[in-house]
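Have a look at the structure below, then the notes.
The values are calculated or read from the model by the stated rules, or taken from the named source; none is laboratory data. Keep in mind it's a predicted model, so treat the numbers as computed, not measured. Please note: Cβ atoms are built from the backbone with ideal geometry, for glycine as well, and neighbour counts cover all protein chains shown. For accessibility, only protein heavy atoms count, side chains too; no ligands or nucleic acids. Shrake-Rupley method; radii C 1.70, N 1.55, O 1.52, S 1.80 Å.
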Amino acid sequence: MKKGYLFLIVFSCLISSQNSFSQMEDFPSDIVDHPYKEGEILVRYLSATAPEERDLIRSQMGGEIADNHFIVPNLELVKLPQGQSVEEALAYYQNTPGVLYAVPNHLVYINGGIFPPRPLPDNPDPTPNPFGDPFFDRSYGISLIGSPKAWEQFTTGSREIVVGVIDTGIDYTHEDLAANIWKNPKEIEGNGIDDDNNGFVDDIYGWNFVGNNNNPFDDNRHGTHVSGTIGALAGNGLGTIGVSPKVSLMACKFLSKDGWGSIDAAIRSISYAVMNGAKVLNNSWGGGGYSQALLDAIKTAERAGVLFVAAAGNSNADNDKNPMYPASYDAANIVSVAATDYLDQRASFSSYGKTTVDLAAPGVAVFSTVPNNLYGNLSGTSMATPHVAGAAALIWAYKPALSMYDLKDLIFKTVDPVDSMKDITVTGGRLNVFNAMAFSLLQF
Ligand SMILES: [Ca+2]
Ligand SMILES: [Ca+2]
Ligand SMILES: [Ca+2]
């Protein structure tokens with residue numbers, strides 16, 4: 001966790017001498033000017049670099065493979081020998097033939113979990129509660145985006161649609177989530193064997209990439225809150241209802257109890273989710289600057305037809321000028337989400353961007369599930385993001401043949417235009433899942 005100002009100059013020079021790689025063209029030079037983990041870096045080799053050559057490259061600097069279970073080919077997490085700085089290692093690997101790039105293992109952070117500053121005003125437009133869940137009218141956002149009408153006229157969702165919650169974990173025992181938690185169908189619980197041969201022993205609900213174990217339980221609250229917005233259960237006489245009341249929520253825990261996580265753990269989470277059937281990834285986190293390795297993982301997910309929904313950030317900043325990654329990466333499967341309130345005003349904290357932030361969703365005082373069968377209000381673009389992820393899951397349950405690009409197009413095309421998002425987002429509007437599903441009848 002330190003800033004390498006001096007190194008910036010050196011590294012920028014290296015980049016300009018390496019720009020024969022098209023992927024590196026817009027590689028920003030502030031890459032080490034963000035917190036990162038000491039003692040390790042991410043290295044991607046050219047595909048022509050044989051395993052023995054990689055071993056040689058590593059051994060010359062005393063490096064060892066810490067992990068290579070990534071969806072991105074030829075990418076490794078390299079453990080540095082004692083005393084070697086990240087800057088030294090980057091300078092060596094980046095300058096070595098056979099290496100495509102070497103980047104720090106940056107740290108990222110949850111994009112929400114801010115408690116609302118004052119008591120909530122009454123819901124201005126309470127919707128009659130369609131299933132009798134006692135606290136549903138507190139989840140104003142679910143109604144505002146047209147979910148009850150969508151459930152009534154189209155579908156309440158499907159457990160066939162898997163949403164990867166890339167976050168602090170999920171309380172998979174929560175009374176208002178348990179039946180919607182993804183269970184690995186080919187894994188036998190607790191026998192110490194990797195029955196489905198996916199590289200993870202006894203992975204039933206997902207994986208914990210922080211502790212590297214099979215228990216992705218939420219020790220924060222952020223991931224459980226996000227999960228309830230996507231898919232809290234309907235009609236169970238408890239709590240509230242998510243946008244997609246039937247769905248499968250896969251727990252990929254890569255953020256710690258304190259809300260921090262590393263890029264390598266994010267990439268492993270994305271890899272796990274995509275390889276195990278997730279169609280939508282919810283990413284209510286960000287920071288850490290530009291990482292070619294993370295972008296490569298997102299583009300691999302794109303090739304698998306997976307939608308990557310990401311929080312625009314809580315810095316009240318223009319992302320066109322000050323990008324927030326991963327939301328601001330240039331990949332066609334990313335949806336970048338700003339936050340609005342119950343009156344469709346922009347949340348005071350929400351970042352925006354005419355060309356880089358796509359649409360808004362409710363993200364102020366969002367009521368949802370938190371661990372231990374509890375419920376609570378949280379604010380953040382983190383809370384807006386799962387409204388969009390849940391909408392994508394609901395639409396896909398109704399129209400499973402839609403391509404990822406068509407699904408994204410449909411969501412963008414059918415937003416409710418709102419003044420607060422005009423000229424500061426791509427679509428100028430706030431999510432409306434009912435409109436999207438109604439429009440799908442006309443077009444698809
Ligand atoms: Ca397994
Ligand atoms: Ca097993
Ligand atoms: Ca419920």
For this session: Using only the Cα atoms of the range 136-443, build the gyration tensor, take square roots of its eigenvalues as a ≥ b ≥ c, and label the shape rounded, prolate or oblate: rounded if a/c is under 1.5, else prolate if a/b is larger than b/c, else oblate.
Result: rounded
Problem set entry | Per-residue [θ]222 nm for the chain (sum of -39500 (n - 2.57) over DSSP H runs n ≥ 4, rounded to 500) | -8000 deg cm²/dmol
Exercise. Placing +1 at every Lys and Arg Cβ and -1 at every Asp and Glu Cβ, with all other atoms neutral, what dipole size does the range 348-431 have around its Cα centre, in debye to the nearest 20?
Worked result: 60 debye
Seminar exercise, completed: Answer in debye to the nearest 20: the dipole magnitude of the chain about its Cα centre, from +1 Lys/Arg and -1 Asp/Glu charges placed on Cβ, is 600 debye
For this session: Ignoring everything but the protein chains, give the 1.4 Å probe accessible area of ILE424 in square angstrom, nearest 10.
Result: 40 Å²
For this session: Would you tally the net charge around GLY239, using a Cβ to Cβ cut-off of less than 11 Å, leaving GLY239 out, and scoring K and R as +1, D and E as -1?
Result: -2
Seminar exercise, completed: Placing +1 on each Lys and Arg Cβ and -1 on each Asp and Glu Cβ in the chain, then taking the dipole about the Cα centre, the residue among ALA365, ALA232, THR425 whose Cα reaches farthest towards the positive end is THR425
For this session: On the full set of protein chains, 1.4 Å probe, figure out the accessible area of ARG268 and give it in Å² to the nearest 10.
Result: 40 Å²
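How much of the DSSP beta bridge set in the chain is antiparallel, as a percent to the nearest 5? Numbers along the way, then the final one.
Working: 29 of 57 bridges.
Restricted to the chain, the bridges split so that about 50 percent are antiparallel.
Determine the share of the range 128-276's accessible area contributed by carbon and sulfur atoms, expressed in whole percent, with a 1.4 angstrom probe.
48 percent
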For this session: Can you check what the net charge comes to around ALA397, using other residues whose Cβ is under 14 Å from the Cβ of ALA397 (Lys, Arg +1; Asp, Glu -1)?
Result: +3
Problem set entry | Heavy-atom surface of the chain, accessible at 1.4 Å and reported per residue (Å²) | 38 Å²
Exercise. Using the alpha-carbon centroid of each, what span in Å lies between the range 382-440 and the range 189-246?
Worked result: 25 Å
Seminar exercise, completed: Taking only protein heavy atoms and a 1.4 Å probe, the highest-to-lowest accessible-area order of PHE217, PHE136, PHE70 is PHE217, PHE70, PHE136
For this session: Pick out the long, greasy-scoring helices in the chain: whole DSSP H runs spanning 20 Å or more along their own axis by Cα, mean Kyte-Doolittle at least 0.5.
Result: 381-398
For this session: Could you name the lysines whose alpha carbon sits less than 22 Å from that of LYS149, not counting residues in the same chain fewer than 8 places away?
Result: LYS246, LYS399, LYS408, LYS413
Exercise. Given CYS252, MET61, ASN180, which one lies farthest toward the positive end of the charge dipole of the chain, if we put +1 on the Cβ of every Lys and Arg and -1 on the Cβ of every Asp and Glu?
Worked result: ASN180
For this session: Keeping every protein chain in place, order LEU56, LEU307, LEU107 by accessible area at 1.4 Å, biggest value first, i.e. largest first.
Result: LEU56, LEU107, LEU307
Exercise. In what order, largest first, do LYS246, LYS183, LYS253 sit by accessible area if the probe radius is 1.4 Å?
Worked result: LYS183, LYS246, LYS253
For this session: Take every Cα pair under 8 Å in the range 136-443 that's 6+ residues apart, average their separations, divide by the length, and report that relative contact order as a whole percent.
Result: 21 percent
